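In what follows, a structure is listed as structure tokens, so that the remarks can point back to it.
The values are calculated or read from the model by the stated rules, or taken from the named source; none is laboratory data. Note that the structure is a prediction, hence the values are computed from the model and not measured. Because the Cβ atoms are built from the backbone with ideal geometry, glycine has one as well, and the counts that use them run over all protein chains shown.
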Amino acid sequence: MKFVKQHVVKAVLAIAMLGMISLPAAAQEIKIGVISLPALIERAPQTKAAMDALQEEFAPRQREFEAKRKEFEDLQAKAQKDLAVMGETERRNAEKDLRDMQRELARLQSEFQEDLNLRQNEEYGLLQRSMAKEVQEYAQAQGYDLVVLDNVVLFRNDVVDITAEVLRIVEANYQATNKP
């Protein structure tokens with residue numbers, strides 16, 4: 001988020017400077033583009049590849065958790081079925097074992113979710129930096145004077161939205177580097 005805020009501040013300063021510079025040189029044409037970085041990241045093939053890799057990375061832990069959950073459910077069902085024939089001490093021990101296992105399951109799920117969220121945030125940060133670089137390269141290659149994020153613009157004409165064009169370049173670059 002800090003990265004985006006820095007670019008927003010830079011864009012606002014650039015617009016202000018362009019406004020001052022363009023007064024004397026009103027005849028000079030300025031090429032401005034607007035980009036939706038969230039839409040670009042959402043539709044980029046790199047995002048799907050990163051999410052698939054995360055899914056694969058966390059699949060063993062997910063299977064382990066599901067096995068423990070199944071074990072808990074089976075133990076719970078057995079205890080429920082045998083409750084009528086259990087002695088007092090046996091019943092207390094079974095209840096304690098179930099509570100302990102339930103706590104363990106909650107801990108495992110919490111750790112799993114925390115680790116997954118951390119890795120997703122890491123990957124999202126990498127994607128943001130990668131897409132920002134792609135936008136910069138595209139803007140330079142196409143001769144743009146200014147590219148701003150769409151969420152900080154009060155009004156824009158769709159003609160200046162370059163998100164789809166940049167997405168085509170991103171997809172082409174991804175295909176070129178990930179040929180089977």
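Within segment 121-138, not a single residue is out of contact with any helix residue (DSSP H, G or I) (no Cβ under 8 Å at 6 or more places or on another chain) and either hydrophobic (A, V, I, L, M, F, W, C) or on the phi > 0 side of the Ramachandran plot (or both). Testing Val170 on (1) under 30 Å from Phe58 (Cα atoms); (2) free of Cβ contacts under 8 Å to residues at least 40 places away in the same chain; (3) touching an Asp or Glu at 6+ places or on another chain (Cβ under 8 Å), one condition comes back false. Which one is that? Result: Val170 fails condition (2) only. Would you please name the residue that is nearest to Gly33 (Cα to Cα), looking only at residues in segment 128-180 that are aromatic (Phe, Trp, Tyr) and in a helix (DSSP H, G or I)? That would be Tyr138. Restricting attention to segment 155-167, the residues being surrounded by fewer than 16 Cβ atoms within 10 Å (Cβ to Cβ) and in contact (Cβ under 8 Å) with a residue 12 or more places away in the chain number 2. Note on segment 126-152: residues that are farther than 27 Å from Ala50 by Cα, touching a strand residue (DSSP E or B) at 6+ places or on another chain (Cβ under 6 Å) and of a type in the set (A, V, I, L, M, F, W, C) amount to 1.
Of all the residues in segment 73-125, those that are modelled with pLDDT of 90 or more and closer than 30 Å to Gln55 by Cβ number 27.
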